[in-house]
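Q: Below are the structure tokens for one structure; questions will follow.
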């Protein structure tokens, strides 16, 4: 009788230990996900798309201007657009900076912002831009926004 | 005006890459080809602008620095893609483990 009850207690203890072990495992692994990247952010992807479109439109409009009236491509006539786009890039930089595990995307945004500021300064210094330089700037920016978009969209899984 | 054969130039660039990574050429060949193809139009334009004098040598070199930074951005994106794939694979393995443990509990309880 004593033996039987002891066995039951041992069985109970073993059963309890086993159940507890499995339960802990389930609880642990149900919350244990591998995170190497931040969560996908649809609003950021939308902002990347909108900024990319704005940049593309900016350069395409510059290209449309009659080359005989190159003064219309003067920096002063474009400064507002430059500032608006820089402000969008600053906003994207800040939003990405506060996201954990996001150093790669942050670097892409940083490079894009730096080049945008560089091209703005070059325009300010030269006062006008040739078709060739506008197209070169447009293509470089297109490539960077495409890269930025890929880096955000891949997080959606 | 002098011209440049961009296809020939791309082949030469690919050969230059090959000579620096001889032992790993097979592993990176496709990526490097894609890397150059993606830049073909921009490199062509860049060369034309320099040859025509629209870009000064200083400005041209500055543009090449920009290309290095664009390439760096692309490397960063590739790292994000690798991380996303690794994350997905690891979580799939954990899901399988979790389901197996859950099934084992049902048989014990």
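The values are calculated or read from the model by the stated rules, or taken from the named source; none is laboratory data. Bear in mind the structure is a predicted one, so any value in this text is a computation, not a measurement. Neighbour counts run over all protein chains shown; Cβ positions are idealised from the backbone, glycine included.
Q: Looking only at region A:55-66, which residues are touching a helix residue (DSSP H, G or I) at 6+ places or on another chain (Cβ under 8 Å), exposed (fewer than 15 other Cβ atoms within 10 Å of the Cβ) and free of Cβ contacts under 8 Å to residues at least 60 places away in the same chain?
A: A:66
Q: Hey, among A:101, A:129, which residue is at pLDDT below 95 and outside any helix (DSSP H, G or I)?
A: Just a single option satisfies the conditions, and that option is A:129.
Q: Check whether at least one residue in region A:97-108 is touching a residue at least 40 places away in the same chain (Cβ under 8 Å) and under 22 Å from residue B:42 (Cα atoms), and report yes or no.
A: Yes, some residue in region A:97-108 is touching a residue at least 40 places away in the same chain (Cβ under 8 Å) and under 22 Å from residue B:42 (Cα atoms).
Q: For residue A:80, only one of the following conditions fails: (1) more than 14 Å from every other protein chain (Cβ to nearest Cβ); (2) surrounded by 14 or more Cβ atoms within 10 Å (Cβ to Cβ); (3) modelled with pLDDT of 95 or more. What is its number?
A: (2)
Q: Pick out the one residue from B:70, B:94 that is facing chain A (nearest Cβ under 7 Å), in contact with a helix residue (DSSP H, G or I) (Cβ under 8 Å, 6 or more places away or on another chain), part of a helix (DSSP H, G or I) and over 22 Å from residue B:11 (Cβ atoms).
A: B:94
Q: (1) more than 9 Å from chain B (Cβ to nearest Cβ); (2) within 19 Å of residue A:50 (Cβ to Cβ): which one isn't true of residue A:143, the others all being true?
A: The one condition residue A:143 does not meet is (1).
Q: While we're here: Being touching a residue at least 24 places away in the same chain (Cβ under 8 Å) and loosely packed, with under 12 Cβ neighbours inside 10 Å, is that true of even one residue in region B:3-14?
A: yes
Q: Residue check, residue A:63 against (1) in a helix (DSSP H, G or I); (2) at pLDDT 95 or above, all met but one. Which one?
A: Residue A:63 satisfies all of (1) in a helix (DSSP H, G or I); (2) at pLDDT 95 or above except (2).
Q: Residues being within 14 Å of another protein chain (Cβ to nearest Cβ) and assigned to a helix (DSSP H, G or I): count how many of those fall in region A:32-60.
A: 5
Q: Scan region A:110-117 and give yes if some residue there is surrounded by fewer than 16 Cβ atoms within 10 Å (Cβ to Cβ), part of a helix (DSSP H, G or I) and more than 12 Å from the chain's Cα centre (by Cα), otherwise no.
A: Within region A:110-117 (the criterion being surrounded by fewer than 16 Cβ atoms within 10 Å (Cβ to Cβ), part of a helix (DSSP H, G or I) and more than 12 Å from the chain's Cα centre (by Cα)), the answer is yes, since at least one residue qualifies.
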